[in-house]
Amino acid sequence: VHVITLTTDFGAQDWFVGTMKGVVLGINPCATIVDITHEIPTGDIRTGALALGASFRFFPKGTVHVAVVDPGVGSARTAIAVQTKNYFFVGPDNGVLSFALAGEKIKAVHRLENKKFFLKEVSHTFHGRDIFSPVAAHLTRGVPIRKLGPPEKGYVKLHWPAPKQTDRVIQGEIIYLDHFGNAITNLPNHLLTRVDATRSLSIGRKTLCSIKAFYQAVPKGKPVAVPGSAGFLEIAVNDDSAAKVLRLKLGSVVTMTVR
Amino acid sequence: VHVITLTTDFGAQDWFVGTMKGVVLGINPCATIVDITHEIPTGDIRTGALALGASFRFFPKGTVHVAVVDPGVGSARTAIAVQTKNYFFVGPDNGVLSFALAGEKIKAVHRLENKKFFLKEVSHTFHGRDIFSPVAAHLTRGVPIRKLGPPEKGYVKLHWPAPKQTDRVIQGEIIYLDHFGNAITNLPNHLLTRVDATRSLSIGRKTLCSIKAFYQAVPKGKPVAVPGSAGFLEIAVNDDSAAKVLRLKLGSVVTMTVR
Amino acid sequence: VHVITLTTDFGAQDWFVGTMKGVVLGINPCATIVDITHEIPTGDIRTGALALGASFRFFPKGTVHVAVVDPGVGSARTAIAVQTKNYFFVGPDNGVLSFALAGEKIKAVHRLENKKFFLKEVSHTFHGRDIFSPVAAHLTRGVPIRKLGPPEKGYVKLHWPAPKQTDRVIQGEIIYLDHFGNAITNLPNHLLTRVDATRSLSIGRKTLCSIKAFYQAVPKGKPVAVPGSAGFLEIAVNDDSAAKVLRLKLGSVVTMTVR
């Protein structure tokens, strides 16, 4: 397998992402490069971590996942590669890899210091092109991770906002708003194995009555909570944007109550 | 050929499209995946059908075209695969495939019901990842369409707004506004084989004088109608957006008159 | 190598770019197609030239670079292919290739006139699909450039705004604003080999004090000038958009002074 994925905050306007791909293909012409997204909000490490965490496990074993949300580029922050049971991960050691890594069995963490696997000239502002892309390409060609630099004991972990559970109430929050205006919460779907009419969901003081299996289970324009495809409860509005209609924001508190 | 195309309303912000590609590559590492567009307006089945209809025939024989504009995801709506003389098509049976299929010789239509060709866990909100991508990948590997599920006699067809023709007047409408602000009408180019000064084009009460071969045939800022690359008459403004300058909207009436 | 890059002003909304890729794959199923960007502002040949000029050299030898920013499509403007020591370039002869070509040793320039290498039907509005894509695909299959049409002596060159240097002052301008709001100037990085506190940078009358190696070398919210990854001095604001904070525009004058 020669798959490399890219998750960045580089946007679509500039030549940055294309240039990274050119570097990869110069080292491994057989690489298949997949964009996860380049629309992570500028410098938003946490959202980058979420995007990678929600998608990495759908790729074939051996895939090299590269995440570059890197406001500290050029500074003393460390860059790392991580080998897990199933994948490789490459990026700055600022937490952007941590939600994905939390679900994987870690086999090795190495700092990226061996300049042999970088471009010859390394800028201080575009390590995506000069360090992360060539390192990822070399990994797909079978370079052992230990050759990239000295081992590290760990990596920076972002705080995961675990839901707070009491007897009859589980309190969570909105962790992501998607393109459709659906709001992904931090309440895992498995809390809902006993989905039934005895549960209700509230956002602030507003009660959302329905937890259903799919969007169209409620009339158009009505809110609904569904077990989401990322593994977490999602709040949606059938045929509309829940973010707009319900004025949801990142961090909005969501409460699930057993009546 | 192992080409799969994707036409969706998923946008660029999230990890959805990338995840679909991961699923495809896990089943067929040799697949070449091409984005047609992911910027179909949310739930706009008709625009999805137009985009696919305007592009599918430029792909090599055997290409598997996947279209996911699917507001009914998770509900009882059917999912289908269609084999035509030249291509395969995969998507919800809501009409999104129908404009493309109208130009093809249909050989088989099958419902997607054989879970062997789905991901192991199927969500109720992301069939693009869990059903359509794996099915498309299996088709590129040579799985016969009949193995995907029971045959269907037909598929949902969207209404195509045919132009109304009388002796000296052809009345059509604007069916698409592109990135440049060019307005694509439903008036086929072949109506223009006898393009000459004796014809004029009107939008509402406003007469557009010129039907020309290309945009720069009129001065900058001036409107022009040209035979478009999608097979239909397009209304443009040289070096500007016709949509803005002429305040064009989807459904605006366009009248072609032989003087 | 079978790499083709695409740089256009086609945007992401429509089926245009996907269709070009379909045409390429129909001619060369082994081609690897990389998007540099499709978000060049409509008809902005100069920005297209900049994007290609900043990225082309990071691709493997033999790559075919296609640039389609082509307001004159369908008119009498010439279309060309250029072979250099390392690459091929394909596009309209309107200057969009010229910044890249300025850095390459030219071996041949040919007009695209041999219809054998076009699609059978050529529209007057979408040469990206009908001419440039098929020609590029044929080049990756080894068709010699001389077969594409008659040789040309030169190609259209855009004016490059060279900085004006006097004894203690170098005056340049802003030539590009990127997705992050960083402003790329026309002042080459090598002017900064002697970067030190004795130099200051001014935009209009406002003095930017710091020329540093990376963004985080100044506090958050503060402006900084750094040697940029495209080879030119960049003006940034740590953790913010320099374009917004400093109200920078294309063409804004930038003055570097040795105190």
Protection proxy ranking of A:202-208, C:78-84, C:29-35, A:86-92 - average other beta-carbon atoms within 10 Å, highest first: A:86-92, C:78-84, C:29-35, A:202-208
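Semi-axes, largest first, in whole Å: what does sqrt of 5 times each Cα gyration tensor eigenvalue give for the stretch C:209-259? Kindly include the intermediate steps, with their values, before the conclusion.
Working: eigenvalues 49, 42, 26 Å².
That gives 16, 14, 11 Å for the three semi-axes.
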Accessible surface of chain C [probe 1.4 Å, protein heavy atoms]: carbon and sulfur percent: 52 percent
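Give me the percent relative contact order of chain A, please, defined on Cα pairs under 8 angstrom at least 6 residues apart. If you can, show how the numbers build up before the last one.
Details: 563 pairs, mean separation 40.4, N = 259.
Result for chain A is 16 percent.
Which chymotrypsin sites (Phe, Trp or Tyr not before Pro) from the stretch A:6-59 combine a DSSP loop assignment with at most 10 other Cβ atoms within 10 Å? Walk me through the numbers before you get to the answer.
Numbers: sites: A:Phe10, A:Trp15, A:Phe16, A:Phe56, A:Phe58; in loops: A:Phe10, A:Trp15.
Listed in order of number, the matching sites amount to none.
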Considering the Cα trace of chain C, what is its radius of gyration and what is Dmax, both in angstroms? 20.3, 64
Quick check on my link table: of B:Lys212/C:Lys115; A:Lys206/C:Lys244; A:Lys116/C:Lys244; A:Lys61/B:Lys116, which ones sit more than 27 Å apart, alpha carbon to alpha carbon? A:Lys206/C:Lys244; A:Lys116/C:Lys244
Any chance you could look up the accessible area of B:Val245 with a 1.4 Å probe, heavy atoms only, rounded to 10 Å²? 70 Å²
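Kirkwood Rh, the stretch C:121-193, all Cα pairs: how many Å?
On the way: mean 1/r = 0.0588 Å⁻¹.
About 17.0 Å, per the Kirkwood formula over Cα pairs.
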Which residues of the stretch A:58-94 bury at least 50 Å² of accessible area once all protein chains are present, versus their chain alone (1.4 Å probe)? A:Phe58
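With the radius of gyration and the Kirkwood radius both derived from the Cα set of the stretch B:1-109, what is their ratio Rg to Rh?
0.94
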Can you list the distances in nanometres, one decimal and ascending, from the B:Gly43 label point to the identical position in each other copy, with the point 7 Å along Cα to Cβ? 3.7, 3.7
In Å², what does the accessible area per residue of the stretch C:21-104 work out to with a 1.4 Å probe? 26 Å²
Please give me, ordered by residue number, the trypsin sites (Lys or Arg not before Pro) of the stretch C:21-91 that lie in loop per DSSP and have at most 13 other Cβ atoms within 10 Å. C:Lys61, C:Lys85
If you draw the axis that swings chain A onto chain B, which residue of A has its Cβ closest to it, and how far is that in whole Å? A:Ala12, 4
One decimal, nm, shortest first: give the distances between the label point of C:Arg141 and those of the same position in the other copies, each label point 7 Å from Cα along Cα→Cβ. 3.0, 3.0
Expected integer from the mean partner chain Cβ neighbour count at 10 Å over A:223-235 is 3
Other copies of C:Lys157: label-to-label distances in nm, shortest first, labels 7 Å along the beta-carbon direction: 6.0, 6.0
Log entry, pair B-C: total buried accessible area, probe 1.4 Å, protein chains only, in Å² rounded to 100, is 2400 Å²
Zero-based 10 Å bins, Cα pair distances in the protein assembly as shown, whole percents: 3, 13, 21, 25, 22, 12, 4, 1, 0
Hey, what did the stretch A:168-259 get for relative contact order, percent, Cα under 8 Å, at least 6 apart? 41 percent
Calculate the dipole size of the stretch C:108-258 relative to its Cα centre from +1 charges on Lys and Arg beta carbons and -1 charges on Asp and Glu beta carbons; express the result in debye to the nearest 20. 280 debye
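So for the stretch C:77-126, considering every pair of alpha-carbon atoms, how many percent are separated by more than 11 Å? Write down the numbers at each step before the final one.
Working: 874 of 1225 pairs.
So the pairs more than 11 Å apart make up 71 percent of the total in the stretch C:77-126.
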Whole-number percent relative contact order across the stretch C:1-135, with pairs defined as alpha carbons under 8 Å at least 6 apart: 26 percent
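Please return the longest stretch of chain C lacking exposed loop sites, where GluC sites (Glu not before Pro) count only if DSSP places them in a loop and at most 16 other Cβ atoms lie within 10 Å.
On the way: sites that count: C:Glu113, C:Glu121, C:Glu152.
It works out to C:1-112.
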Rounded to the nearest 5, the percent of DSSP beta bridges in the protein assembly as shown running antiparallel is 75 percent
Whole-Å semi-axes of the ellipsoid equivalent to the stretch B:146-259 (Cα gyration tensor, √5λ, descending): 30, 17, 13
Mean projected area in nm² (Cα convex hull; one quarter of hull surface) for the stretch C:89-224: 12.6 nm²
Rg/Rh over Cα atoms for the stretch A:60-158, Kirkwood Rh, comes to 0.92
Take C:Ala213 and A:Ala102, extend 7 Å from each Cα along the Cα→Cβ direction, and tell me the distance between the two endpoints in nm. 3.4 nm
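The values are calculated or read from the model by the stated rules, or taken from the named source; none is laboratory data. Computed from a predicted model, the values in this text were never measured in an experiment. Reconstructed Cβ throughout: ideal geometry from the backbone, glycine too, with neighbour counts over all protein chains shown. Quick note on the areas: whole protein, heavy atoms, side chains included, nothing else; ligands and nucleic acids left out. Shrake-Rupley method; radii C 1.70, N 1.55, O 1.52, S 1.80 Å.
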